[in-house]
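These notes are about the structure you will find just below.
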Amino acid sequence: MKKVLLVGCGGYGAGYVEELLARGESLGLRLSGIADPYAGQSRVKDLILENRIPVFDTPEAYYAGNQAEIAIVSTPIPLHRRQAEEVMRSGSDLLLEKPVAGSVRDAEAILRTRDETGKKLTVGFQWCFNPEMLALKRDVDGGRFGKLLSMKAMVLWPRDIAYFNRGTRWAGKKYAADGTAIFDSIASNATAHYLFNMLWLAGKGYGAADARLLDFRAGRANDVETFDTVILRAETGEGVPLFFAASHAVKAEERQDPVFIYRFEKATVTFGEIAERPTALLAHLSGGETVDYGDSDNNGLGQKLLPAARYFAGEGENFCPGEAALKHVALLEEMWRATGEMPFFRKELVERTPGMVTVRGLAAILRRSYEEARLPGEAEWPV
Ligand SMILES: NC(=O)c1ccc[n+]([C@@H]2O[C@H](COP(=O)([O-])OP(=O)(O)OC[C@H]3O[C@@H](n4cnc5c(N)ncnc54)[C@H](O)[C@@H]3O)[C@@H](O)[C@H]2O)c1
């Protein structure tokens, strides 16, 4: 049985507690400790108590008297570098939640520590571990669909004010009090999977494609330092155009779960484009045949634990290497190099209901942009 230290047991990390306690033994994993100074506020605090999982304030306190073959770091972004380095230097292989870090500099430092310590690192973009997505990846890499021509994705997920104020209030911030980069945004957090999936599928193997930012429109309606809405165009090193549109500032009835259309020479691959099957992953071949990969689940936190453990044990591949996830951080950092401040949406269009801030007409603009895979003109962008 491999010992697992979980750093961060509230928020998303609560799912790791549940998964490790419910299925850990069958995967050869035992939750042997938690490091989280606010563990008492986790929604799974009773489960932790009932199962007598030792809780520590810091990873250092855990390692003072214990070891762990595996650590999972699921904490706010500004803590990733320090904690990732700490757990690897203490002898653990690491499943690090996405994004790797808030800056390329910090992400690169984590990879350097991985190399210095000889430990293994995999990043928690769970779609890379999903069997249906991996089946598509094999077909893409095997050349079944020919050359990749273009990719576009859209997600419109309303998020309330409480979402931005959760936990230790790092959401939507640029820097932590100690100056550590955060740059948390819709594109680095909730919808990051759909931006990253394009890079990951466009690259050969699991290393992800390099991408260069072409242009973007961003805006904020919520009280964030970054942005809650973005439309961006990028291009891979091989010249494949990428388009991504996402917003949290839309109404519940305007919600659009993730959709994508990836065009290849000999097929069009779609995700979520069918109303009755919102997670259908399909390849429509030019000859008329359809390959149905099934319903591709990007929510199953559990689906990454076994492949991660197998990779750490030397028995499986690393489906989401640090180098791949670094490219997502690098693409977002380009936005910040282009501008220091993201604009607020026009006041007269911002609608406030208790707990929620949205922008009138914004969803329609994003949908139109997605249809045409182009940015709205400057005059059309309501900032
Ligand atoms: N893969 C996914 O789909 C997914 C989904 C949500 C969040 N995430 C990622 O998970 C990470 C955490 O996000 P979240 O939304 O759960 O954040 P959160 O703020 O809700 O919770 C983070 C947890 O870290 C704990 N924590 C805070 N300070 C700590 C410290 N000094 N040491 C140890 N623990 C500390 C908090 O008490 C909390 O339990 C982020 O990297 C985020 O991007 C991934």
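Okay, here's what the table says:
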{"item": "Conditions (1) of a type in the set (S, T, N, Q); (2) more than 9 Å from the ligand (Cβ to nearest atom); (3) outside any strand (DSSP E or B); number of the one not met by Gln83", "result": "(2)"}
{"item": "Subset of region 328-379 [farther than 25 Å from Arg212 by Cβ and among the acidic types (Asp, Glu)]", "result": "Glu348, Glu351"}
{"item": "Residues satisfying the stated conditions in region 307-330, i.e. more than 16 Å from the ligand (Cβ to nearest atom) and either surrounded by fewer than 17 Cβ atoms within 10 Å (Cβ to Cβ) or of a type in the set (A, V, I, L, M) (or both)", "result": "Ala309, Arg310, Ala313, Gly314, Glu315, Gly316, Glu317, Ala330"}
{"item": "Candidate set: region 54-81, residues that are of a type in the set (D, E, K, R) and out of contact with any Pro (no Cβ under 9 Å at 6 or more places or on another chain); chosen: the one surrounded by the most Cβ atoms within 10 Å (Cβ to Cβ)", "result": "Arg81"}
{"item": "Failed condition for Arg52, given (1) part of a loop (DSSP other than H, G, I, E, B); (2) closer than 20 Å to Asp93 by Cβ", "result": "(2)"}
{"item": "Of residues in region 170-201 being under 12 Å from the mean Cα position of the chain (by Cα) and polar (S, T, N, Q), the one nearest to the ligand (Cβ to nearest atom)", "result": "Asn189"}
{"item": "Among the candidates Arg255, Arg220, Arg212, residue that is of a type in the set (Lys, Arg) and under 12 Å from Ser185 (Cβ atoms)", "result": "Arg220"}
{"item": "Considering residues of region 202-225 that are hydrophobic (A, V, I, L, M, F, W, C), in a loop (DSSP other than H, G, I, E, B) and under 20 Å from Asn298 (Cβ atoms) only, the residue farthest from the ligand (Cβ to nearest atom)", "result": "Ala209"}
{"item": "Among the candidates Ala61, Ala39, Ala68, residue that is touching a residue at least 12 places away in the same chain (Cβ under 8 Å), within 16 Å of the ligand (Cβ to nearest atom) and within 19 Å of Gly124 (Cα to Cα)", "result": "Ala68"}
{"item": "Some residue of region 114-122 being of a type in the set (Val, Ile, Thr), more than 16 Å from the ligand (Cβ to nearest atom) and over 28 Å from Phe216 (Cα atoms)", "result": "yes"}
{"item": "Output for region 262-285, where each listed residue is hydrophobic (A, V, I, L, M, F, W, C) and surrounded by fewer than 19 Cβ atoms within 10 Å (Cβ to Cβ)", "result": "Ile274, Ala275, Ala280, Leu285"}
{"item": "Filter result for the condition that a residue is farther than 30 Å from Lys174 by Cβ, away from the ligand (no atom under 12 Å from the Cβ), assigned to a strand (DSSP E or B) and of a type in the set (A, V, I, L, M), over Leu20, Leu31, Leu94", "result": "Leu31"}
{"item": "Complete set of residues in region 128-175 that are farther than 21 Å from Arg220 by Cβ and hydroxyl-bearing (Ser, Thr, Tyr)", "result": "Ser150"}
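None of the figures in this text is laboratory data; all of them are computed from the coordinates on show. This is a predicted model, so every value here is computed, not measured. Because the Cβ atoms are built from the backbone with ideal geometry, glycine has one as well, and the counts that use them run over all protein chains shown.
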